[in-house]
Structures are given as C-alpha cells and as structure tokens.
Amino acid sequence: MAVTAPARTRLAVLPTPLVAAPRLADGLGLTGPLLVKRDDLTGFAVAGNKARQLELLLAEALEQRADVLVTGGTIGSNFVAAAAAAATYAGLGCVLILAGDEVDRTAHPNLAAACAWGARLRWTGDAERASVDAMLPTVAAQLAAEGARPHVLPRGGADATGALGYRLAVDELVGQLAGERPTVLVAVGAGGTLAGLVAGVVAHGRPFRVVGASVSRPVEEVAARVLDLARQVALRCGDEPAGPQDVHLVDARGPGHGLASAAGDDAAALALRCAGLVLDPVYTAKALAVLPAVVPDGSALFWHTGGLLDAVAAMLGRP
Ligand SMILES: Cc1ncc(COP(=O)(O)O)c(C=O)c1O
C-alpha cells in the first residue's frame with residue numbers, strides 16, 4: 001500500500017531510471033537478467049541515495065522551524081556533503097561535526113563540497129566515528145544558547161524519518177517492476193536505506209527479497225539496527241512490522257570500512273566497461289562484488305546508491 005503524503009521537501013528527480021544491464025550481467029557471470037535502479041541519478045547535488053532520506057529529514061527540520069542543520073561523520077561521508085547542500089537549498093545554516101583532527105578541505109571531495117556549499121566545520125579530535133555522536137547534542141546546545149534553532153540529523157541520516165524515504169522508494173520501484181520479482185541488492189552503511197526498503201517490501205506483501213551488503217559494520221550489529229528502524233517506519237505508516245526473517249545481510253566489508261577491496265575494484269571496472277556505471281570503492285563497488293554470490297540464479301536488481309565523490313576521491317588517490 002502507498003503511504004499517504006508524509007511531509008517531504010522535494011529534492012530528488014523521481015522516479016529514478018530502472019535500466020537493464022545485460023552486458024554487466026554477463027560480465028558478472030549471472031545466469032538471470034540484471035536491472036539497475038539508478039539512485040546515483042537522484043538529481044540533487046551529488047547526493048545519491050541520501051537525497052531520498054534528506055527529503056524527509058529536511059521537511060521535519062523545517063516543520064520544527066529550525067534555522068541550522070547539525071550533523072556529522074567522516075570527511076569522506078556522502079551524507080555530510082548532501083546535508084550541506086540540502087541546508088543551503090532550504091536557506092538553513094549547516095554545522096558539520098567531523099571525526100578526527102582538522103584537515104584541509106582538499107583532503108576529500110565530499111569535504112570540499114560541504115565547505116563550498118557553506119557548511120561550518122567542528123572537529124572531534126578523535127578518529128572514531130562514534131565521537132561524532134557524542135558531540136552532536138553538545139554542539140546543538142551551544143548553538144541554541146547562542147540563539148539559533150538547531151536541528152540534529154544522525155550520522156548517515158539513519159533514523160526513522162530518513163528511512164521513510166526508502167519506504168517510499170519501494171512504492172516507486174513496485175510500479176516500475178510491473179510484477180517482476182528480482183532479488184534486490186543494496187549497499188549498507190548506517191542502515192537507513194535498507195531499513196526503509198525492508199519496511200516497504202513488508203508493507204507491499206513481500207513482492208521481492210532485499211539483501212543488504214554491509215560495508216561498514218558487522219552483519220549482526222547492522223541487522224539489529226535495520227530491524228529496529230524498519231519497525232519504527234512501519235509504526236509511522238500503519239504497516240505490518242518487519243520481522244527478523246525480513247532482514248537479509250551479507251558481509252561485504254572486505255579489508256574494512258572505507259578501504260577499497262580488489263573484488264570491489266574489479267566490480268567497478270566491469271560496471272564502467274559493461275554499463276557505463278561509476279561505482280565508488282567504499283559502498284557500491286563492494287556491494288556489486290557480492291552480487292553473484294547473493295543471486296547465483298534468477299533475476300537480480302542492483303540498487304545503485306551513488307557515491308560519485310568517493311569515486312573521484314579514489315581517482316585522486318585520497319583515502
Ligand atoms: C554511496 C552510498 N551508498 C550506500 C550508502 C549506505 O546507506 P545507509 O547509510 O543508509 O545504509 C551510503 C551511505 O553513506 C552511501 O554514501
């Protein structure tokens with residue numbers, strides 16, 4: 001069933017294309033057909049999948065009459081750059097809390113973009129991503145004490161509001177698939193994207209299976225988080241809640257979060273050669289690399305989530 005109009009600030013150009021990739025299917029050794037859902041083409045800044053999440057997150061911030069978005073992550077985070085773009089677009093300020101010690105903005109294209117798009121930066125002095133979570137409320141409180149109206153977005157936009165963006169994306173995909181039932185594979189970081197997809201698939205009566213390729217966290221950790229978020233989304237929408245059997249994940253971390261893998265590099269080269277797709281080494285390349293193992297037969301759908309500036313970072317030899 002379709003959700004009745006949640007508050008949503010339009011950012012993305014939707015629907016994104018759903019395209020067949022027969023040469024890529026051959027190159028990967030798949031026996032069935034391969035579709036690619038082009039959320040690298042969401043059309044807002046270079047936000048990829050984060051545009052869908054930010055539509056809901058931004059609407060919530062505006063509803064609460066916020067005047068500054070506060071969020072954070074690593075210097076290479078696609079979400080922080082996308083949040084900076086969304087804030088500017090909506091006429092809000094943006095304060096980003098970044099893990100680690102201060103570096104020059106040229107250290108990563110996502111950082112450069114966030115600065116170019118007006119974000120102010122704060123540094124945690126600790127390379128651990130969790131250090132960002134600890135500083136978010138403190139910085140928000142400081143801003144409020146100075147008279148601002150801050151609105152905090154969690155790392156990766158991974159709360160029920162952000163995840164709702166992908167609950168809505170399932171409505172879109174179901175319309176495009178016209179009865180086809182591929183196994184869907186998507187890269188998973190903070191988990192909001194997969195959580196929304198799981199919630200949407202359950203709400204639609206499980207027309208297809210969704211599998212997440214976890215590139216950032218151990219599978220058990222991310223499964224619990226995804227299930228919790230998917231249930232929160234279902235509660236908001238009045239849908240059937242997902243169960244543990246609805247959350248499918250494979251470990252695609254390779255050498256570790258943020259580190260390129262040989263299998264990912266091969267998959268990215270194949271995707272460019274066979275389908276003209278640009279994959280990033282952190283998320284999408286690692287996800288595509290596990291596709292043959294996840295869908296050894298039957299039809300497959302690779303949900304391309306973007307990551308263009310991370311692909312550029314790799315070309316520049318940035319970590
Ligand atoms: C390119 C790309 N793909 C996939 C993901 C994973 O999305 P999520 O954090 O919602 O799991 C991200 C997250 O930053 C991303 O930037």
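Every read-out reported here was derived from the displayed coordinates using simple, explicitly stated rules and does not represent laboratory data. Computed from a prediction, not measured in an experiment: that's the story for all the values here. For neighbour counting, all protein chains shown are included, and Cβ atoms are generated from backbone atoms with ideal geometry for every residue, glycine included.
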Candidates Val247, Val13, Val170; GNM for the chain (alpha-carbon contacts under 10 Å) flags as most fluctuating Val13
Using the per-residue mean of other Cβ atoms lying within 10 Å as a proxy for protection, in what order, highest first, do the peptides 250-261, 146-157 fall? 146-157, 250-261
Can you compute the FRET efficiency between Gln176 and Ala134 using 1/(1 + (r/R0)^6), with r the Cβ-Cβ distance and R0 = 45 Å? Round to the nearest 0.05. 0.65
Quick check on the chain: helices-only [θ] at 222 nm, where DSSP H runs of length 4 and up contribute -39,500 (n - 2.57) each and the sum goes over total residues. Nearest 500, please. -13500 deg cm²/dmol
Using a simple charge model, +1 on the beta-carbon of Lys and Arg, -1 on the beta-carbon of Asp and Glu, nothing else, what dipole does region 50-157 show about its Cα centre, in debye to the nearest 20? 220 debye
Calculate how steeply helix 130-145 sits against the longest principal axis of the alpha-carbon atoms of the chain, using the helix alpha-carbon long axis, and give the answer as 0 to 90 degrees to the nearest 10. 40 degrees
Is region 1-153 rounded, prolate or oblate when judged by the Cα gyration tensor, a ≥ b ≥ c being the square roots of its eigenvalues, rounded requiring a/c under 1.5 and prolate requiring a/b larger than b/c? oblate
Take every DSSP beta bridge whose two residues both sit in the chain, then give the antiparallel share in percent to the nearest 5. 10 percent
Taking the Cβ of each residue in Ser77, Ser299, Ser216 as the centre, tally the other Cβ atoms inside 10 Å and list the residues starting with the fewest. Ser299, Ser216, Ser77
Expected max-MSF residue from Leu235, Leu288, Leu194 in the GNM of the chain (alpha carbon, under 10 Å) is Leu235
Using Cα atoms only, what is the angle between the long axis of helix 160-177 and the major principal axis of the chain, expressed in degrees (0 to 90) to the nearest 10? 30 degrees
Where both partners of a DSSP beta bridge lie in region 50-157, what percent of those bridges are antiparallel, to the nearest 5? 0 percent
Can you sort Val278, Val103, Val95 so the residue with the fewest Cβ neighbours within 10 Å comes first? Val103, Val278, Val95
Per-residue Cβ contact counts at 10 Å, fewest first, order Met315, Met135 as Met315, Met135
Among Ala169, Ala285, Ala20, the residue with the largest mean-square fluctuation in a Gaussian network model of the chain built from Cα contacts under 10 Å is Ala20
Loop-located trypsin sites (Lys or Arg not before Pro) in region 24-94, at most 10 other Cβ atoms within 10 Å (DSSP): Arg65
